[in-house]
1. Using alpha carbon centroids, what distance separates segment 77-105 and segment 24-70, in Å?
2. With all protein chains present, calculate the accessible area of Lys44 using a 1.4 Å probe and round the result to the nearest 10 Å².
3. Long-range amide H contacts for Phe72: which residues qualify at under 5 Å (H placed 1.01 Å from N, peptide plane, sequence gap of 5 or more or a different chain)?
4. Multiply the residue gap between Glu82 and Thr70 by 0.36 nm, knock off their C-alpha separation, and tell me the result in nm, one decimal place.
5. Would you tell me the accessible area of Ile54, worked out with a 1.4 angstrom probe on the heavy atoms of the protein chains, in Å² to the nearest 10?
6. What nm distance separates the two modelled labels at Asn96 and Arg42, each placed 7 Å from Cα along Cα→Cβ?
7. If you plug each phi of segment 53-70 into the Karplus form 6.51 cos²θ - 1.76 cosθ + 1.60 with θ = phi - 60°, what whole-Hz ³J(HN,Hα) values come out, in order, with x for Gly and Pro?
Amino acid sequence: MVTAVTPLLEEGTWEIKDEYLENMNGFGILYIERLFIKPEYRDKGIGKAIFPVICSLLGRGAAAVTVIPTPFDEKGKTKLDENDPSYAKKIGGLKNFLSFFGFSLVDKENNVYARPLPL
């Protein structure tokens, strides 16, 4: 479940590796580009369970977190085109996910959602 986060952490701990912290200091905003849950693990509450943990770990010192919801194919490799039949359902699900955590649309033109930290 936490393999997506594991490369960022010191082995055997929940501490972020120094090399990542050095690059994140001073920005004040955590931008999450992609959170992918394998299809066989979806709809089990895993995303809702780990999202706040990821924000807490990576957002240390940040005032806000931003996300641009972007639907990907089932393997998480290719962005879906807006004309794809599954796009509307997936973008709706992503927006509902962000709404659950209190995110608001802050930039309509670029489809950016944000909220203050902590979650």
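1. If we compute the Cα centre of each part, the gap is 15 Å.
2. Its heavy atoms expose roughly 130 Å² to the probe.
3. Under 5 Å from the amide H of Phe72: Leu80.
4. Once the chain is fully extended between Glu82 and Thr70, it gains 3.3 nm.
5. 20 Å²
6. Computed distance between label sites Asn96 and Arg42 equals 1.2 nm.
7. 5, 4, 4, 5, 5, 7, x, 4, x, 8, 8, 8, 10, 10, 9, 10, x, 9
The values are calculated or read from the model by the stated rules, or taken from the named source; none is laboratory data. Predicted model, so just to flag it, every value in this text is computed and none were measured. Positions of Cβ are backbone-derived with ideal geometry, glycine not excepted, and every protein chain shown enters the neighbour counts. Just so you know, the surface numbers come from the protein's heavy atoms only, side chains and all, with ligands and any DNA or RNA stripped out. Shrake-Rupley method; radii C 1.70, N 1.55, O 1.52, S 1.80 Å.
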